[in-house]
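> Dropping a structure here in structure tokens format, bear with me for questions.
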Amino acid sequence: MADYVIAIDQGTTSSRAIIFDKKGSIVSTGQKEHEQIFPKPGWVEHDPLEIWRNVQEVIGIALATADLTRHDIAAVGITNQRETAVVWDRTTGKPVYNAIVWQDTRTQSIVDRLAQDGGVERFKPIVGLPLATYFSGTKIVWILENVEGAREKAEAGDLMFGTTDSWVLWNLTGGTDGGVHATDVTNASRTLFMDLETLEWRDDILETFGVPRSMMPEIRSSSEVYGAAESSSLLRETPIAGILGDQQAATFGQAAFQTGESKNTYGTGNFLIFNTGEEIVHSKNGLLTTVGYKLGDQPTHYALEGSIAVTGSLIQWLRDQLGIISSAPEVEKLATTVEDNGGVYFVPAFSGLYAPYWRPDARGAIVGLTRYANKGHIARAALEAVAFQTRDVIDAVNADAGVDLTELKVDGGMVANDALMQFQADVLGVPVVRPVVAETTALGAAYAAGLAVGFWAGLDDLAANWQEDRRWESSMDDAERDRQLRLWRKAVEKSMDWVDDDVK
Ligand SMILES: Nc1ncnc2c1ncn2[C@@H]1O[C@H](COP(=O)(O)OP(=O)(O)OP(=O)(O)O)[C@@H](O)[C@H]1O
Ligand SMILES: [Mg+2]
């Protein structure tokens, strides 16, 4: 009997395989980090072959840890870092270049060029996104223009593009030997190429970008059988039946299925998703319009999204680049060696600022420094920046929705940080709620796959699995909150207008 579903979570910092039971509880996990490659300021790359090796390895770890085989697994779900672009040769199966990661800013000149005719919002009414380095479309263009021979091969139909869901799916289903080249609607909605209404690639936009349509994967729903794992895989013959981009997967894993429900995930970056049901809502306040999920032939669910580029990665930066902590959880201890931020504010605009500002000309800034400030204040300001950035996004959501969120459902690696969660509740002035299963990204992908094969009967089954673990209430008075927000917004101003044409 197949009593379990496995989710592959191909994230920005690591790949995980997690096995879930029918209650949505974790049975076992395999996890492996991959190298973050920073060739130049603003450039971020991953090695797709390392990622694929890690995915295979973590599947093995998860199965072995729980002493299970493929016969115990009803379906495979895939979730992934979203806008990260892989381009590979369909004959050799080899990537023509490293994966260009979503945070990478190298394509700003491509964005500027495309924006000359009609501005950065020229495609927004169709695709829901402004032109920005963040999305995968501009990264494909960079590869075609900068990797020797890529343009010719692409025109000849020899190259494939995919976000890492497609890369994993294609390899898992046989690669050069009949691999399935597909993606789901949520990932497709992050490329700049998909029409939100028709859920199809727009030939006119592909042409404007100079991307041959033959490179593009087929767009499928988030929950259906795409194919089966190939014969040499530990999961051979198991159906791959769910794909959701990581943030949409987390929303699904939080069982936020109803219009008006939302979640905020604290991982490498932070991503707040607000479900707008079957309606496509265009933000007036700097949010993206994106696909939430689509189950088989059922109607498409849309969402508004507030994407923040740098949150958990700021903690990694304190650890790896600054060396003031030796592990991420240590930041909490360091931040609580001081009683407040000492007037220090840290705007981590490492990739410019995403939502709700969308300012590629911003760069990171630590302001308010005096001789008094120490590393405790820096650590504290870094944690507080995560909460302040979230506050800015929630203000945008409230303004778009016309009603205020009454509580915030949270998940992701950083929600283990008690000081951060308390400060988050303080600067929002509403409660912050954490579920028992904080691995909602993997859970959402498992749900999508399990639904497609009848492992779960419907959304009610999934909603019944959701359980509250902990809740933080605001303990900050209004005057102090207003003072803090005023200073934070002043700091944000200081980070802007930094990048001139000759700033590398
Ligand atoms: N106790 C903690 N306090 C603060 N930050 C933490 C803590 N534990 C983990 N983090 C941060 O959380 C992030 C990891 O969270 P998570 O595991 O959700 O990310 P992820 O899923 O690997 O991200 P992605 O999917 O983007 O790869 C890391 O960036 C790490 O710096
Ligand atoms: Mg993740």
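The values are calculated or read from the model by the stated rules, or taken from the named source; none is laboratory data. From a predicted model like this one, the values you see are computed outputs, not experimental measurements. Every residue, glycine as well, gets a Cβ built from its backbone with ideal geometry; the counts of neighbours run over all protein chains shown. Quick note on the areas: whole protein, heavy atoms, side chains included, nothing else; ligands and nucleic acids left out. Shrake-Rupley method; radii C 1.70, N 1.55, O 1.52, S 1.80 Å.
> What number results when the radius of gyration of the chain, computed over Cα atoms, is divided by 2.2 N^0.38 Å? Before the final figure, lay out each step's value.
Working: Rg = 21.6 Å, N = 504, 2.2 N^0.38 = 23.4 Å.
Normalised Cα radius of gyration, the chain: 0.92.
> Once you have the alpha carbon radius of gyration of region 358-504, what is it after dividing by 2.2 N^0.38 Å, with N set to its residue count? Each step should come with its number before you reach the end.
On the way: Rg = 19.2 Å, N = 147, 2.2 N^0.38 = 14.7 Å.
This ratio for region 358-504 stands at 1.31.
> For region 405-504, which whole percent of the accessible surface, found with a 1.4 angstrom probe, sits on carbon and sulfur atoms? Don't jump to the answer; show the numbers that get you there.
Numbers: 2200 of 4790 Å².
On region 405-504, the fraction of accessible area on carbon and sulfur atoms equals 46 percent.
> How big is the charge dipole of region 279-338 about its Cα centre, in debye rounded to the nearest 20, if each Lys and Arg gets +1 on its Cβ and each Asp and Glu gets -1 on its Cβ? Walk me through the numbers on the way to the answer.
On the way: 4 positive and 6 negative charges, 22 e Å.
Dipole of region 279-338, to the nearest 20 debye: 100 debye.
> Which listed residue (10, 413, 402) has the Cα farthest towards the positive end of the charge dipole for the chain, taking +1 on Lys and Arg C-beta and -1 on Asp and Glu C-beta about the Cα centre?
Of 10, 413, 402, it is 413.
> Can you give the accessible area per residue of the chain, in Å², using a 1.4 Å probe?
It amounts to 38 Å² per residue over the chain.
> Which whole-Hz couplings ³J(HN,Hα) result when phi for each residue of region 195-210 is put into the Karplus expression 6.51 cos²θ - 1.76 cosθ + 1.60, θ = phi - 60°, listed in order with x for Gly and Pro?
Once rounded to whole Hz, the list reads 6, 5, 7, 8, 6, 10, 4, 8, 4, 5, 6, 4, 5, 4, 7, x.
> From the phi angles alone, apply the Karplus equation (6.51, -1.76, 1.60; θ = phi - 60°) to region 220-234 and give each ³J(HN,Hα) in whole Hz, x where the residue is Gly or Pro.
So the J values, rounded to whole Hz, are 10, 6, 8, 9, 5, 7, 8, x, 10, 5, 6, 5, 8, 7, 4.
> With all protein chains present and a 1.4 Å probe, how do 97, 302 order by accessible area, largest first?
Working: 97 60, 302 15 Å².
Descending order: 97, 302.
> Return the lysines within reach of residue 375: Cα separation strictly under 20 angstrom, same-chain partners fewer than 8 residues apart disregarded; answer none if there are no such residues.
333
> Of 124/294; 32/153; 23/409, which ones are farther than 26 Å apart at the Cα?
Working: 124/294 21 Å; 32/153 33 Å; 23/409 20 Å.
As for pairs spanning more than 26 Å Cα to Cα, those are 32/153.
> Between residue 375 and residue 116, what length in nm is gained on full extension when 0.36 nm per residue of separation is reduced by their alpha carbon distance? All intermediate terms of the calculation are to be shown ahead of the outcome.
Details: separation 259, 0.36 × 259 = 93.24 nm, distance 4.36 nm.
88.9 nm is the gain from fully extending residue 375 to residue 116.
> Using each residue's phi in region 274-282, evaluate 6.51 cos²θ - 1.76 cosθ + 1.60 at θ = phi - 60° and report the 3J(HN,Hα) Karplus result to the nearest Hz, with x for Gly and Pro.
Once rounded to whole Hz, the list reads 10, 6, 9, x, 7, 9, 8, 10, 9.
> So which lysines pass the test for residue 40, namely a Cα distance under 16 Å, with those fewer than 8 places away in the same chain ruled out?
139, 504
> From the helices alone, meaning DSSP H stretches of at least four residues, give me the mean residue ellipticity at 222 nm for the chain, per-run term -39500 (n - 2.57), in deg cm²/dmol to the nearest 500.
Working: 16 runs with 163 residues, N = 504.
The helix contribution divided over the chain gives -9500 deg cm²/dmol.
> Also, quick follow-up: Could you rank the peptides 60-68, 121-129, 186-194 by their average count of other C-beta atoms within 10 Å per residue, with the highest value first? Present the calculation step by step, with values, prior to reporting the outcome.
Values: 60-68: 16.7, 121-129: 19.2, 186-194: 29.8.
Result, highest mean Cβ count within 10 Å first: 186-194, 121-129, 60-68.
> Enter the per residue convex hull volume of region 91-192, computed from alpha-carbon coordinates, in Å³ rounded to the nearest integer.
Details: hull volume 11.1 nm³, N = 102.
Taking only Cα atoms, region 91-192 has a hull volume of 109 Å³ per residue.
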